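What follows is a short report on a single structure.
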Amino acid sequence: MHDTLKYFKDDPIYRKYHQNEITFSIMYAFTENFMLPLSHDEVVHGKGSLMGRMPGDEWRKFANLRLMYTYMFAHPGTKLLFMGAEFGQTGEWNHDNSLSWHLLDYDLHKGVLKLITDLNALYKSEPALYQFPFSDKGFEWVDYSDRENSVMVFMRKGEESKDSLIVVCNFTPEVRTQYRIGVPVRGTWKEIFNSDDLKYSGSGQLNAGLQHTAPVKYHNKDYSLAIMLPPLGSSIFKLHEEQTEFELK
């Protein structure tokens, strides 16, 4: 929690110097049964709100928050959000007052609530996100070394290989086109979640349709995809249809 919040407080221009802070959690993630809390202790005693930690203008603050939540849901471990976090409360929590429900009159806050709603549904529906939350059987790095672009790519795995997900996080506001990632299986992949979707009040930089693999070795994989990375966003891909040697002939 502390490493993640510290990383997200950094202006994106400096994040390339702190890549190890956002990837370090995997070094110990499977040594205990960890919960990932964004708890009440982080929004009281003068610490402000989670939204207040995010750098940049209003749009970037919301994009960073959506990215952080998506990263948390995709990360191994169980999840915990404190009240108000689900719609991006801007003020510090006060036990003498109600939550700032009026913020849901604004599209950016509605977008955060819709994002959390969809992340919960994704978490329940995708075995790779819940079957091995405390075991390295459920996780594999694809690439954690692209410090220059502040991008990291990892896989979450379920009991069946067809359930594997590829998670791509772009921690900068730069849209990156034709960004190549290695994939374990030849065929077509589909983007099943994107934190930059217009329905979340993002900019709508999506990977529409099916993404076809190329026989280009990358990230120690025999096949790869060239995708678009949303600004301050995370994309999640799932195998749509595997292509076999027989089908190729």
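Okay, here's what the table says:
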quantity	calculated
Surface per residue (accessible, 1.4 Å probe) for the chain, Å²	49
Semi-axes of the equivalent ellipsoid for the range 1-108, Cα gyration tensor, largest first, Å	24, 18, 12
DSSP-defined antiparallel bridges as percent of all bridges, the range 1-156, nearest 5	55
Inter-label distance for residue 6 and residue 32, nm, one decimal - labels placed 7 Å from Cα along Cα-to-Cβ	1.7
Cα centroid separation - the range 44-84 against the range 170-249, whole Å	24
The chain, helix-only ellipticity at 222 nm - DSSP H runs n ≥ 4, -39,500 (n - 2.57), divided by all residues, nearest 500	-7000 deg cm²/dmol
Pairwise FRET efficiency - residue 140 versus residue 97, Cβ, R0 = 45 Å, nearest 0.05	0.50
Summed side-chain charge close to residue 206 - residues other than residue 206 whose Cβ falls under 13 Å, Lys, Arg +1, Asp, Glu -1	-1
Surface share of carbon and sulfur [accessible, 1.4 angstrom probe, percent] for the chain	51
Debye intensity ratio I(q)/I(0), log10, the chain, q values 0.08, 0.09, 0.18 Å⁻¹ (C-alpha model)	-0.30, -0.38, -1.53
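The values are calculated or read from the model by the stated rules, or taken from the named source; none is laboratory data. Predicted, not measured: the structure shown is a model, and the values here were computed from it. As a convention, Cβ positions derive from the backbone with ideal geometry for all residues, glycine included, and neighbour counts pool all protein chains shown. Side chains are part of the model used for accessible areas, which takes the heavy atoms of the whole protein and leaves out ligands, DNA and RNA. Shrake-Rupley method; radii C 1.70, N 1.55, O 1.52, S 1.80 Å.
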